[in-house]
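Working notes, structure below.
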Amino acid sequence: MQQGTIGVTTENIFPVIKKFLYSDHEIFLREMVSNAVDATQKLKTLAAKGEFKGSTDNLTVHIKVDETAGTITISDQGIGMTAEEIEKYINQIAFSGVNDFLEKYKDNANNIIGHFGLGFYSSFMVSKKVEIVTLSYKENSQAMKWSCDGSPSYQMEDTQKEEHGTDIILHIDDDCKEFLDKHKIEGLLNKYCKFMPVPVAFGKKTEWKDGKQQETDEDNIINSVEPLWTKSPSTLKDEDYKSFYRTLYPMHDEPLFWIHLNVDYPFNLTGILYFPRIQSNIELQRNKIQLYCNQVFVTDQVEGIVPDFLTLLHGIIDSPDIPLNVSRSYLQSDRDVKKISSYITKKVSDRLAAIFKENRKDYEEKWDHLKLFIDYGLLSEESFYDRAKEFFLLKDSEGKYFTFEEYQTLIKDNQTDKDGNLIYLYANNQNDQYSYIEAAKSKGYSVLILDGQLDVPLVSMLEQKFEKSRFTRVDGDVIDRLIVKEEAKATSFSDDEKNNITTVFNSRMPKIDKTEFMVDVQALGETAQPVVIIQSEYMRRMKDISRYQPGMAFYAQMPDTYTVVLNSDHALIKNVLNNCTAKTAEELKPVCGEIKGLEARLAAIRQTTEKKKPEEITKEEKDNREQTEKAIDEQKEKRNNILAQYAKDNAVVNQLIDLALLQNGMLKGAALDAFLKRSVQLIKEV
C-alpha cells in the first residue's frame, strides 16, 4: 500500500472547496459523470485509431445509489488509469503555482475550482470519503484503488477489477444525505446529463405488472446521445424541431420559428434558438436558453454570453470555446464571448429580415408575439436598431402593419403640425380610448396601437431616432390641439364668465386619491364634445417611465394631473353658463361688487408701496394690505360657495362631468351608481 499527501502544500484546499462551492454543490454529479463520459469517449477514439483492440459494444456510464451504505457510485468502461496516471492527475493537482493561486484567491473561490482542472475534487463537497477503483485499458495493467477522506492524505493500493474503466465511490457526508434520494439524483441527471454523448444509465426501467410498477432488466437510459443540434439541418423536418422544443419546454405553446446555429470558425458553436410566443411579461420569459459545453449542461443563466434581449429566446447553445470557471456556472467575459454574442445577434437579425422579406403576411401574423422581443432589443442594444428598423412594424387601430418608412409616408401630409413636426398619434388601449381614436379618425388621422410592456420607453427612443417627430397619445389633448396646424381659436367667454363656469365645474369634480383636476375653458367648435378630460403627454410618460428607471421614482409619487376642458362653443356649456348667471345673479351681485372694490383698494395700496424698500413700508401699510387680501379671499370664498351650491343641484353639470369621467374609465362605485340613476331621471324628464 502506498500512502502520501496530495500535491498541494497548503492544507486549505478541501475547506476552500467545501466553503466556496457549497451553494452550487449539486454540480458534483455533473463533474463526475462528465469525467466518466470523457474517459469513455477517449476509449472510442483509441478504438477508431486501432490503438484499442477490445470491444466497444457497451460503453454505458452507470450511476448507482446505495442508501444503506450511504454511497453513490459512478462507473464507466473507459480508458481507466494506471498508478502513474493517478499520481499525475489525482495526486498532483495539475498546476505548479496552485499554492500561490489558492493564497491569492482564498476569499474568492469562483476563480479556483475547475480553472485548473479540479473538477474531480468537487466530489468532496458532498463526500466524507472518496474511493477510486480503476483499471487502465493498456495491456498488463494493474488495477488500483485510491481513497481519501477529505484531508490532503490519501492511500493507494493494488486491487482486483475485471474490466477496464473506473468506479468512483462517494461516501456521502452526513449533512448531504439528500443526495441519497434516488428521485433527487434522477432529477440532477436529467438536468445536467440528458444530452451527454455517451449513454448514461440510472437504475432499471419499470413496467406495470401484477398491479404494481416493477423493475425490468433493461437499463434506464436518461439521455439522448444524439441531440438535435448536433445533426445537420438538411436532415431535419419542422416536426423534428417542434418535437425537440416540446422535450425542452413541455408546458409551452409551439414556437414561432427557430434558428439552427452551426459554425466552426472563428469559434465552435452549435445550437438551436427558438422564438417563443411572447405577449406580455418579460420576466416570465427569461432564462430559457440552456448553455452546454460538449453536450454537458452548464447553466441557464446566459447573461453575458448573449445580449440581454436575446435571453427572451428559448433553446440550446453548445460551445467548447466559451471560457468557464471551475463550477462551469459562471461565465468569464472576454473577446471570444463578445464575438459569439455578436454572431448570435447577427444570425437572429438575418433570420427575422429573411422571414419579413420572404413572407410578409406570415411575419405580420407573428408580429404581436415578436414585438416585445424586438422592442427589448431596440432599447437594450444600440446596434440592433440599425438592423431591426427594416423589419420593425407599427400597427394602427385598424390592424394594418407598416414599416417606419411606410408609416412616415402615410401620415406626413395630414399629420404635420404648423412647426413642421410629424405627429404620431397612438393609443395604448383600443377599448378604453375608443372615442378618442374615433375623434382622431374623423379628422383623417391615423392612430397607432402601442399597448406593449415596453412601448412607453420605446416611444421616447423613437422620438430621438426620427427627425422632427413627436409621439402624442390620442387622449393627450383635445382633438384640435393634438396636431396644431393654426393658432388656437379664442373663446367668446369673458374673464368673469370663464371664472364662474370653471368654478361651477371644479366644485363638482370628484375627490380621487393621488389625482388632481384643473378646469379650463377652450373654444373647440360646436360639434366637439362639451367636456373632455385630458392628461399631459409629458407627465404621463414620465410617470410611466419611472417604473423602468429607479432614478425617476419621484415622478411616480406625484399625483395624476388631468385637465378638464369645457368647450365654450358647445350649446350645453353655454346653457349652463346662462342658467348659472340667471340663477346666481342676485346673490353674486353684492359679493362681486365687494370683490371689485377690495381689489381696487389693494391695487392702490400696492401702488403706494411698490417703490418703497421693504424696511420703509410701515406696519400700518402692511396690516392694511394683509387685511384687504384676507377680505378679498373671504369674498371669493362666498362667491365660490354660491356657485358650488348652484352646481350641486344642477343635473346637467353633474351629468357632463360623469360622462367625461366615464369616457376615461374613472367613474366607479357609488359615483357610477349615482350617474345611472340620474341618467334614468333625465330620460324621464325628456
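No lab work stands behind these numbers, since they all come straight from the coordinates. Note that the structure is predicted; figures quoted are calculated from it, not measured. Note that we place each Cβ from the backbone using ideal geometry, even for glycine, and neighbour counts take in every protein chain shown.
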Over 27 Å (Cα to Cα) among Lys574/Lys648; Lys347/Lys395; Lys145/Lys205; Lys288/Lys339 -> Lys145/Lys205
Taking Cα atoms only, helix 27-48 is inclined relative to the longest principal axis of the chain by an angle, in degrees rounded to 10, of 50
Interchain or sequence-distant (5+) residues whose placed amide H lies within less than 5 Å of the amide H of Tyr426 are Leu448, Thr472, Arg473, Val474
In nanometres, the difference between 0.36 nm per residue of separation and the alpha-carbon distance of Thr56 and Gln627 is 194.8 nm
Expressed in angstrom and rounded, the centroid-to-centroid distance over alpha carbons for the range 628-643 and the range 201-241 is 86
Quick shape check on the range 343-432: root eigenvalues a ≥ b ≥ c of the Cα gyration tensor, a/c under 1.5 is rounded, otherwise prolate if a/b tops b/c, else oblate, and it reads prolate
To the nearest 10 degrees, the tilt of helix 669-685 (Cα long axis) against the first principal axis of the alpha carbons of the chain is 40
Most packed first (mean Cβ within 10 Å per residue), the peptides 348-354, 159-165 order as 348-354, 159-165
Which of [x] 2, 9, 10, 10, 9, 7, 5, 5, 5, 5, 5, 5, 5, 5, 4, 4, 3, 3, 2, 1, 0; [y] 2, 11, 16, 15, 13, 11, 10, 9, 7, 4, 2, 1, 0; [z] 3, 14, 23, 24, 19, 11, 5, 1, 0 gives P(r) over Cα pairs in 10 Å bins from 0, in percent as computed here? It is [y]
A chain fully extended from Asp217 to Lys138 at 0.36 nm per residue, minus the present Cα-Cα distance, gains in nm 25.3 nm
Pairs over 19 Å Cα to Cα, from Lys44/Lys88; Lys389/Lys543; Lys88/Lys138, come to Lys44/Lys88; Lys389/Lys543
In terms of the alpha carbon gyration tensor, root eigenvalues a ≥ b ≥ c, rounded if a/c is under 1.5 and otherwise prolate when a/b exceeds b/c or oblate, the range 438-586 is oblate
Computed over the chain: longest principal axis from alpha-carbon atoms vs helix 182-193 long axis, angle to nearest 10 degrees, is 80
